[in-house]
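Any read-out appearing in this document is the output of simple, stated calculations on the displayed coordinates, not a laboratory observation. Model, not experiment: these values are computed from the prediction. Neighbour counts are summed over all protein chains in view; Cβ atoms, including those assigned to glycine, are modelled from backbone coordinates with ideal geometry.
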């Protein structure tokens, strides 16, 4: 089973220096964190004619599946993701081949290697995610809890950090 491993240095497009935060919420103050991101074992029915795995919303994932999309033909050395969601929950599955998912809650980073079509990575809201290290011919399927909504995205890491960790009760969080 894949394990959550510490990731390498951040690759957020911010350069080597990350601006300090003025007021930071304590980890317990935020309802979402890396501890909620987990590997989900999916049913695997083995058969000599070919194996079968299925996913049911509200069963294998704790949300109704509102959207499914997949990434494929990702050129070598490319990465995907590089954003966070305000409310969206996801299950990410390596349907074929393999790739890594780097998860970041603003304090900790973890790299998860996905390479089994019967395992998915649950990603809760307010987690920055980047996908990289795609093998040739890999296919990444994502099950999402909502339809596409641009307003749900944080596309800039600095905006994500402000929203994620600034505590309004402590004053200015620029």
**Request:** Using only Cα atoms, locate the centre of region 26-84 and the centre of region 97-163, then give the distance between them in Å, rounded to an integer.
**Result:** 9
**Request:** Would you kindly state how much longer the chain becomes between residue 159 and residue 78 on full extension, computed as 0.36 nm times their sequence separation minus their alpha carbon distance, in nm to one decimal?
**Result:** 26.8 nm
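So if each residue of separation counts as 0.36 nm, and I subtract the Cα-Cα distance between residue 96 and residue 113, what length gain in nm does that give?
Difference between extended and current length: 4.8 nm.
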**Prompt:** Using the per-residue mean of other Cβ atoms lying within 10 Å as a proxy for protection, in what order, highest first, do the peptides 88-94, 103-109 fall?
**Reply:** 88-94, 103-109
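Can you put 47, 149, 100 in order, fewest other beta carbons within 10 Å first?
47, 149, 100
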**Request:** Could you calculate the FRET efficiency of residue 86 with residue 51 from 1/(1 + (r/R0)^6), where r is the beta carbon distance between them and R0 is 41 Å, rounded to 0.05?
**Result:** 0.70
**Item:** Ascending count of other beta-carbon atoms within 10 Å, so fewest first, for 139, 102
**Value:** 139, 102
**Prompt:** Given labels modelled 7 Å from the Cα in the Cβ direction, how far is it in nm from residue 135 to residue 149?
**Reply:** 3.6
**Asked** Which three lengths, in whole Å and largest first, does region 61-174 cover when its Cα atoms are put on their principal axes?
**Response** 49, 31, 21
